[in-house]
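Engineer: Please find one structure pasted underneath; my questions will follow.
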Amino acid sequence: MKKLLLACLTLFVVTAVNAQNQTGYQVGDLASDFNLKNVDGKNVSLANYKNAKGYIVIFTCNTCPVSKAYESRKEELNKMYAAKGYPVVAINTNDPVASPGDTYEKMQERAKEKNFSFAYLLDPDHVFTKKYGAMRTPHVFVLQKTAKGNEVVYIGAIDNDQQLANPQRDNYVQNAVNQLLKGEKPSVASTKAIGCTIKWKKEVSK
Amino acid sequence: MKRYIVTILLILVGYGANAQVKLLTLNELEQRVAKGKDTTYVVNFWATWCGPCVEELPYFERLTSENAKKPFKVILMSLDFKSKLKTDVEPFVAKHKLKSEVFVVNEMDQQKFIDRVDKSWSGALPATLILNTDKKVRSFYEKAFTYDELLKVLNKK
């Protein structure tokens, strides 16, 4: 009994420590705007989207197999929701030295090849990747424009069907945005998924 | 006669499967642990495309070889896409001559899968689950390990 109690306690402490280590935004926080270079050479801020009611911000990259599996679904999301006020804004999380497939030129190639209709932005030194708290690619943050600012209303995966093999697919982001368009808050506000780690810039010292 | 052929076929399939990587659901993993003769199971979640996972694999392999005579088992659960089993996972296992048990996770719904492995898991790889069936201890780590760190958490048990 004592042992069990101890085990429970240990588990609790470990969980508490994990929770503390979590940085970045939680659902309900206000997200900061950015001004980042797009693949077309122009800078993009959330404020540029004059008619937006919110945003589907996707932290992603060129190289992760999971991100690649979602490429056409990102495009679909933008086609479905940009006109309704929720454009997709993709941000590359990866350092081009740590991940040579993620250079600005490679991003331009990919955007051209796949005909991205959404912005695909550079995030030098991971400033906004860290600020938002993206932990893997792809990692979605749905924002809703409010009087107070851009409120984070959903954090997680695009759906629960990475390999397009789940007949009971839950389209998390679609469901969230559909609810927002009806004036509701997303009933599922955060989800988990397997993703690639972010390829962080190597420290210069050492 | 028919029965013979079936038996021979089954044996052949069994042999073939030994050289291959199989799919495994979480339920099957639980059965594997419950019915296994070992008492310590180190279950590592990884993928061939995950850099830090590939870096720490040799430490798990070293655990396998150094504990060969103990009731100790390392199970490598790959989160590569099922469609990549033949093209990515099996060649990887062959190239690196992996001695630990290797499976590809066979689950439809990652959301449920991740929570079932551990509530605290964000879904980032690598992650490691250590089970001790004797002491009924279960600990989960969402991080990459060095060999010394692995020994440290194992000796705590």
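Every read-out reported here was derived from the displayed coordinates using simple, explicitly stated rules and does not represent laboratory data. The shown structure was predicted, so the numbers you read here are calculated from the model rather than taken from an experiment. Because the Cβ atoms are built from the backbone with ideal geometry, glycine has one as well, and the counts that use them run over all protein chains shown.
Engineer: For the range A:118-206, state which GluC sites (Glu not before Pro) are in a DSSP loop and have at most 15 other beta carbons lying within 10 Å of their beta carbon. Walk me through the numbers before you get to the answer.
Structural biologist: Values: sites: A:151, A:184, A:203; in loops: A:184, A:203.
Passing sites in the range A:118-206 are A:184, A:203.
Engineer: Report the trypsin sites (Lys or Arg not before Pro) located in the range B:54-121 that are in a DSSP loop and have at most 13 other Cβ atoms inside 10 Å of their Cβ, or state none. Could you put the intermediate results ahead of the total?
Structural biologist: Details: sites: B:62, B:69, B:73, B:82, B:84, B:86, B:95, B:97, B:99, B:112, B:116, B:119; in loops: B:69, B:97, B:99, B:119.
Those satisfying the criteria are B:69, B:97, B:119.
Engineer: Hey, can you grab everything whose amide H is under 5 Å from the amide H of residue B:75? Only 5+ residues off in sequence or another chain; H modelled, so Pro and N-termini drop out.
Structural biologist: B:42, B:43, B:44
Engineer: Continuing with this model, one more query. Give me a comma-separated list of calculated 3J(HN,Hα) values for the range B:77-82, in order, Karplus coefficients 6.51, -1.76, 1.60 applied at θ = phi - 60°, integers in Hz, x for any Gly or Pro.
Structural biologist: Result, ordered by residue: 9, 7, 9, 4, 4, 4 Hz.
Engineer: Contact order normalised by length for the range B:2-155, with contacts defined as Cα pairs under 8 Å and 6 or more residues apart; what percent is it?
Structural biologist: Values: 205 pairs, mean separation 44.6, N = 154.
Averaging sequence separation for qualifying contacts and normalising by length gives 29 percent for the range B:2-155.
Engineer: As a test, work out the antiparallel percent of DSSP beta bridges whose residues both lie in chain B, rounded to the nearest 5. Please report the intermediate quantities before stating the final value.
Structural biologist: Working: 11 of 25 bridges.
Once the DSSP bridges in chain B are tallied, antiparallel ones form about 45 percent.
Engineer: How much of the DSSP bridge set in the protein assembly as shown is antiparallel, in percent, rounded to the nearest 5? Don't jump to the answer; show the numbers that get you there.
Structural biologist: On the way: 30 of 55 bridges.
In the protein assembly as shown, DSSP labels about 55 percent of beta bridges as antiparallel.
Engineer: May I ask for the distance between the Cα centers of the range A:76-92 and the range A:171-189, given as a whole number of Å?
Structural biologist: Cα centres, the range A:76-92 to the range A:171-189: 14 Å.
Engineer: Residues with amide H under 5 Å of residue A:54's amide H, sequence separation 5 or more or different chain, H placed in the peptide plane at 1.01 Å from N; which?
Structural biologist: So residue A:54 has HN proximity to A:145.
Engineer: Right, something else. Check the straight Cα-Cα distances from residue A:114 and name the aspartates and glutamates below 15 Å, setting aside those fewer than 8 residues away within the same chain.
Structural biologist: A:40, A:71, A:75, A:76, A:105
Engineer: Helix B:51-66 against the longest principal axis of chain B: what's the angle in degrees, Cα atoms only, rounded to the nearest 10?
Structural biologist: Taking Cα atoms only, the helix is inclined about 80 degrees.
Engineer: Here is a follow-up. Pop out the ³J(HN,Hα) list for the range B:68-75 in order, Karplus 6.51 cos²θ - 1.76 cosθ + 1.60 with θ = phi - 60°, rounded to Hz; leave Gly and Pro as x.
Structural biologist: 3, 9, 9, x, 9, 9, 9, 10
Engineer: Over chain A, what is the mean sequence separation of C-alpha contacts under 8 Å (at least six apart), divided by residue count, expressed as relative contact order in percent? Don't skip to the answer; put the middle values down first.
Structural biologist: Numbers: 351 pairs, mean separation 51.9, N = 206.
It comes to 25 percent, rounded to a whole number.
Engineer: 222 nm [θ] for chain B, helices only, -39500 (n - 2.57) per DSSP H run of 4+, per residue, to 500? Please report the intermediate quantities before stating the final value.
Structural biologist: Numbers: 6 runs with 66 residues, N = 157.
Computed mean residue ellipticity for chain B: -12500 deg cm²/dmol.
Engineer: Now, a different point. So what is the relative contact order of the range A:87-157, in percent, for Cα pairs below 8 Å that sit 6 or more residues apart? Walk me through the intermediate numbers first.
Structural biologist: Details: 68 pairs, mean separation 19.5, N = 71.
Computed over the range A:87-157, the figure is 27 percent.
Engineer: For the range A:86-97, what does the Karplus curve 6.51 cos²θ - 1.76 cosθ + 1.60, with θ = phi - 60°, yield as ³J(HN,Hα) per residue in whole Hz, taken in order and with x for Gly and Pro?
Structural biologist: Values, residue by residue: 10, x, 7, 10, 9, 10, 7, 7, 8, 6, x, 7 Hz.
Engineer: While we're on this one: Give the long-range amide H neighbours of residue A:154: residues separated by 5 or more places, or on another chain, with amide H under 5 Å away, using H modelled in the peptide plane at 1.01 Å from N.
Structural biologist: It is A:142, by chain and number.
Engineer: Most fluctuating residue of B:114, B:75, B:130 in a GNM of chain B with Cα springs under 10 Å: which is it?
Structural biologist: Sorting by GNM fluctuation, first place goes to B:114.
Engineer: Ok, one more. Could you let me know the centre-to-centre spacing of the range A:139-154 and the range B:52-67, using Cα atoms, in angstrom?
Structural biologist: 42
Engineer: Determine the shielding of peptide B:119-131 by partner chains: average, over its residues, the number of Cβ atoms on other chains within 10 angstrom of each Cβ.
Structural biologist: Numbers: counts 4, 7, 3, 10, 11, 10, 5, 1, 1, 0, 0, 0, 0.
That works out to 4 on average.
Engineer: Something else now. Under a point-charge model restricted to the Cβ atoms of Lys and Arg (+1) and Asp and Glu (-1), what is the dipole moment magnitude of the range A:21-136 relative to its Cα centre, in debye to the nearest 20? Numbers along the way, then the final one.
Structural biologist: Working: 16 positive and 13 negative charges, 74 e Å.
Rounded to the nearest 20 debye, it is 360 debye.
Engineer: Once you have a ≥ b ≥ c as the square roots of the Cα gyration tensor eigenvalues for the range B:78-156, tell me rounded if a/c is under 1.5, and otherwise prolate or oblate according to whether a/b is larger than b/c.
Structural biologist: Working: a/c = 2.05, a/b = 1.28, b/c = 1.60.
Oblate shape, in that a/c is at least 1.5 and b/c is the bigger or equal ratio.
Engineer: Further question on the same structure: Can you list the trypsin sites (Lys or Arg not before Pro) in the range A:52-84 that are in a DSSP coil and have 16 or fewer other beta carbons within 10 angstrom?
Structural biologist: On the way: sites: A:53, A:68, A:73, A:74, A:79, A:84; in loops: A:53, A:84.
Counting only loop positions with at most 16 other Cβ atoms within 10 Å, the trypsin sites (Lys or Arg not before Pro) in the range A:52-84 are A:84.
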